[in-house]
Amino acid sequence: MIRLKETSAIAQLRLPTLADCTLRVLPPVRITSIAPYPGQVEALRARLGGFPAPGGVVTLQGTDLVWAGRDLAFAFGDDLPDGLAAHCSMSDQSDGWCGFALQGAGAQALLARRLPFDLRKMASPGSARSVMDHLPVLVLRRASDRFEIWVWRSMVQSALAHI
Amino acid sequence: MRLPCPCCGWRDLREFTYKGAADMLHRPALDDASGWDDHLHNRTNPAGETRDLWYHDPCGTWVCVTRDTVSHAVISGATLGEAR
């Protein structure tokens, strides 16, 4: 059987050079969207060991649960317990998204020029949905000077141009 | 102009799509012809406090925004579940 090689949609693109920040492509990761059925958030929280509030990130063993919209979380990682299907709708989003990591003392200032919300108020770790010009993005703050920007893979060249 | 999203807090106008007056939340009875005429075609267009519906595109939340058309103050935002 042919085994296909996993590569990111941005692996071949040239990354811009930034003054005091480094921009790198994040390796492909399994992303599962988790949308709780009405009234099932608490049951899901018990089953998973946590569920992110708006803007939040819950770190479990091997998996990050990231708030990704109203009544929606993305699980970044492979380790999800069985028996979730009774509480939520799940779908695989892995190859629909591409991520960059932006790190450096000026990362917040750089993103502030591209994102229309107040990054000074963003928690760390934290999550936000926004737009980069017209592109929908998921922004994760991993540390005060380290951000991840996840975009739809079809728009990744435009996102790079904007950064 | 910034609007309050119940999930994300205050966000820039460019993240929102306007729908229309919050009157749309209240549908008339099926056999109420003049009620439907009002519902579809007539708006009060108040000078002062008004409520209208906006969609916060990034997070997918419908927001009922209370604002003042005279002072341009944006007063509050609520999910449609709360606004009804």
May I ask which residue of B:Ala47, B:Pro58, B:Thr17 lies farthest towards the positive end of the charge dipole of chain B, with charges of +1 (Lys, Arg) and -1 (Asp, Glu) on Cβ and the Cα centre as origin?
B:Pro58
Computed ³J(HN,Hα) along region B:67-84: with the Karplus parameters 6.51/-1.76/1.60, θ = phi - 60°, integer Hz and x for glycine or proline, the list is 9, 10, 7, 8, 8, 6, 6, 9, 9, 7, x, 9, 5, 5, x, 6, 6, 5
Provide the three semi-axes, in whole Å and in decreasing order, of the ellipsoid equivalent to region B:2-83 as defined by the square roots of 5 times the Cα gyration tensor eigenvalues.
25, 15, 10
Determine the principal axes of the Cα atoms in region A:92-163, then give the extent along each, sorted from largest to smallest and rounded to whole angstroms.
29, 24, 19
Can you tell me the dipole magnitude for region B:2-83 around its Cα centre, using point charges on the Cβ only (Lys, Arg +1; Asp, Glu -1), in Debye to the nearest 20?
340
Between the residues A:Gln40, A:Gly99, A:Val29, the Cα farthest towards the positive end of the dipole of chain A, that dipole coming from +1 and -1 charges on the beta-carbon of Lys, Arg, Asp and Glu, is from A:Gly99
What are the ³J(HN,Hα) values, in whole Hz, obtained from phi via the Karplus relation 6.51 cos²θ - 1.76 cosθ + 1.60 with θ = phi - 60°, for each residue of region B:40-52 in sequence order, with x given for Gly and Pro?
7, 10, 9, 10, 7, 6, x, 8, x, 6, 9, 10, 9
Karplus couplings for region A:33-45 from phi (6.51 cos²θ - 1.76 cosθ + 1.60, θ = phi - 60°), rounded to Hz, Gly and Pro as x?
7, 10, 10, x, 5, x, x, 9, 4, 5, 4, 5, 4
Theoretical gain in end-to-end length, A:Asp95 to A:Ser144 [0.36 nm per residue, Cα-Cα removed]:
14.9 nm
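Taking only DSSP H segments of four or more residues, each worth -39500 (n - 2.57), what value at 222 nm results for chain B once the sum is divided by all its residues, to the nearest 500 deg cm²/dmol? Each step should come with its number before you reach the end.
Working: 2 runs with 13 residues, N = 84.
Taken over chain B, the calculation gives -3500 deg cm²/dmol.
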Report, largest value first, the span of the C-alpha coordinates of chain A along each principal axis, in whole Å.
48, 48, 28
Evaluate the charge dipole of region A:31-94 about its Cα centre and quote only its size in Debye, nearest 20, assuming +1 on the Cβ of each Lys and Arg and -1 on the Cβ of each Asp and Glu.
220
Label-point gap, in nm, between A:Thr17 and A:Arg45 - each point 7 angstrom along Cα→Cβ:
4.9
Only four residue types carry charge here, +1 at the Cβ of Lys and Arg and -1 at the Cβ of Asp and Glu. Report the dipole size of chain A about the Cα centre in Debye, rounded to the nearest 20.
380
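Read the figures in this text as sums done on the coordinates, not as results from a lab. All figures in this text were calculated on a predicted structure; none of them were measured in a lab. As a convention, Cβ positions derive from the backbone with ideal geometry for all residues, glycine included, and neighbour counts pool all protein chains shown.
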